[in-house]
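The structure under discussion appears below in the form of structure tokens.
The values are calculated or read from the model by the stated rules, or taken from the named source; none is laboratory data. Just so it is clear, the structure is predicted and the values come from calculations on it, not from any experiment. Backbone-built Cβ (ideal geometry, glycine too); neighbour counts: all protein chains shown.
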Amino acid sequence: MNVLLRTCFLMLLLFFVACKTDKPTLDKDLTVKIRLKADPQKLSPMVYPTSTAREVFQYIFLPLADYDPVSLELTPILVEKVPEGVTIEEGPHKGGIQFDFQLLKDAKWSDGKDITAKDYHFTVKAVNHPEVNASGWRAYIKEIKEVILYENDPKKFSVVMSKDYMVAKETVSTINMYPSHIYDEMDVLNGLKIADLKDKAKVQELADSDTLFSAFAKAFNSQKFTNEIVVGNGPYKLGQWETNQYVVLDRVENYWGENYSENPFLNAHPKSIEFQIIPDETSALSLLKSQEIDFMPSVGSSNFSSLKGDEKAMEMFSFLNAELIRYYYIGLNNRNPNLSEKSVRQALAHLVDVDRIIETLELGMGTRTIGHFNPVRSYYNNDLKPIPYLPEKAAELMDNAGWKDSNNNGIRDKVIDGNLEELDFKILVSSSKLGQKVSLMFKESAKAVGVNIELVQKEFKRIRQDHLKKRDFDMACLVATSDLAPIDPYDKWHTDNMAVGKRNDFGFGDQNSDDVILALRSEKDQTKRKDLYHKLQEIMYDEQPVIFLYCPTEKMILNKKFKAVVSARRPGYMANSFVPLSVESFSEN
């Protein structure tokens, strides 16, 4: 009898041990509350791809593939695998490249409808509709020539690009998809080809003969499909939205992605994600301390450092840092006669005390950069050293270029085309406190050597629309952010894109830089591509088309009741993967 009792006891003990070592069941009623600096305004990746909106819509709209937050490798989400391109050897697309995709059989939209190849085709056509507010996306996918559908398999499709280039695979894989049955209920684009939407004559004919053609774009851009009806394929759907107060995302019931728990983009651990819109950082910190919000991204360096030094706060919160692909810079209009000389731009770069800015404004939490390519990139040119703060060098460069104070008014001048021009500039700054402080420090340094700089504050939206796009500016304090794909510098730095409406805002480039950029786009060999990246950085370092400052880290504070993983993938966190730090429940054996 004693032997039997001992045996039963051991079996019972093993049962409980097994239960405790199983993977814990997540809290199905978990809600995470996150501070958002501003209202996202619109939830539509195509027409409003701002960083604030992205923090929200990344859980609603998914692409075919994205960069894993830990490995930073391109990983499939909606498809079985990310294909390699196949060169087209004959036929109408000869010389192009084709990517063959197979959507997951169980992938569905949040309304339960199947995600099909037609939806991808529709998304590409919607981008190419000239009246849809998607100019950024149009430039990004302009090489997509055709999407081939297969009658025998609605989940299979091929994407044909007119040519192969460095980010071809990333381009076709990372487009956020839209459901055609929701956003094109009248099937306006169904019978059209991508080529039709790129043909100006055909587009004009459609606009003149079919009222639905323009009506589609108007609806797609409207509040109806950016604020009210928001249907995606991600693990969350729009729940409640009170403008300038909060946005609530609710977990999609019976979400198909539950079958792929190892894929971080398909996780839906919290039942809801509540974004509290709190513009003022002090107010947000108060709510964090009182546990009315759980997570605060984009914390200012001073508050982050101060709170991290507080013993009670250390008990309550985790302090997280993420290295994002982002840098701050001062944009210079190279078309401006007074900024067109390389020596003047070089001199201005020597007047910004970047090390002091990092130390005083970021409390040391930042990394200097010499150019457009982030230091975390494998192809960053470490042989080039950051421009040092040397006012005397700046004065020497300007003297040698003939910029001197001839009329003793304290501002350097020079006769250009018969006119006396002065080094007198306006620098555009947004409401960002950081930008304002950087600009003030720059202004003081410049004044000491005879360069006058006046600060002009405007909303960033106005800076972008009224000045940068129209090329009507001297200088602007800006930030640049990119994804993890290899950077293609063509749109931003090639002379093809200098015209108004294109993306080379600063007027940089010549035949030398253009040749390197074009060679870079088509180079497949990684070693040779790295050499070209280095060459372009050397050219830009010498030309100083803008003043490159530094790369900040994303500083985040999380209530210790949660566990999170930070990432170089913007915005630095994935709220859908937040889990309780300690879970009391056990899974069934």
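Please note which strands (runs of 3 or more DSSP E) are completely contained in the stretch 272-387 and include at least 2 residues that are out of contact with any Pro (no Cβ under 9 Å at 6 or more places or on another chain) and surrounded by fewer than 15 Cβ atoms within 10 Å (Cβ to Cβ).
Filter on the stretch 272-387 gives an empty set.
Having 1 or more residues that are of a type in the set (S, T, N, Q) is the bar; report the helices (runs of 4 or more DSSP H) wholly within the stretch 136-234 that clear it.
By residue number, 168-173, 180-183, 200-209, 211-221.
Got a sec? Which of 514, 474, 510 is in contact with a His (Cβ under 6 Å, 6 or more places away or on another chain) and surrounded by fewer than 21 Cβ atoms within 10 Å (Cβ to Cβ)?
Matching residue, one of 514, 474, 510: 514.
Quick check, is residue 439 surrounded by 19 or more Cβ atoms within 10 Å (Cβ to Cβ), among the hydroxyl-bearing types (Ser, Thr, Tyr) and either without any contact (Cβ under 8 Å) to a residue 12 or more places away in the chain or assigned by TED's automatic domain parsing to the domain that holds residue 361 (or both)?
yes
Is it fair to say residue 445 is more than 27 Å from residue 298 (Cβ to Cβ), of a type in the set (Ser, Thr, Tyr) and part of a helix (DSSP H, G or I)?
yes
What number of residues within the stretch 391-434 are of a type in the set (A, V, I, L, M), in contact with an Asp or Glu (Cβ under 9 Å, 6 or more places away or on another chain) and closer than 14 Å to residue 343 by Cβ?
2
Restricting the search to the stretch 531-572, which residues are among the charged types (D, E, K, R) and farther than 19 Å from residue 483 by Cβ?
Result: 531, 535, 538, 542, 543, 555, 560, 561, 563.
Name the one entry in 570, 521 that is surrounded by 15 or more Cβ atoms within 10 Å (Cβ to Cβ) and either hydrophobic (A, V, I, L, M, F, W, C) or not in a helix (DSSP H, G or I) (or both).
Only one candidate qualifies: 570.
For residue 462, which of the numbered conditions (1) without any contact (Cβ under 8 Å) to a residue 12 or more places away in the chain; (2) under 28 Å from residue 407 (Cα atoms) fails to hold?
Among (1) without any contact (Cβ under 8 Å) to a residue 12 or more places away in the chain; (2) under 28 Å from residue 407 (Cα atoms), the lone unmet condition for residue 462 is (2).
If I filter the stretch 136-152 for residues that are charged (D, E, K, R), in contact (Cβ under 8 Å) with a residue 40 or more places away in the chain, within 22 Å of residue 221 (Cβ to Cβ) and surrounded by 15 or more Cβ atoms within 10 Å (Cβ to Cβ), do I get at least one hit?
No, because not a single residue in the stretch 136-152 is charged (D, E, K, R), in contact (Cβ under 8 Å) with a residue 40 or more places away in the chain, within 22 Å of residue 221 (Cβ to Cβ) and surrounded by 15 or more Cβ atoms within 10 Å (Cβ to Cβ).
Just give me the residues in the stretch 463-475 being under 20 Å from the mean Cα position of the chain (by Cα) and at pLDDT 95 or above, in sequence order.
463, 468
If you check residue 127 against the conditions, is it in contact with a helix residue (DSSP H, G or I) (Cβ under 9 Å, 6 or more places away or on another chain) and in a helix (DSSP H, G or I)?
When the stated conditions are applied, residue 127 passes them.
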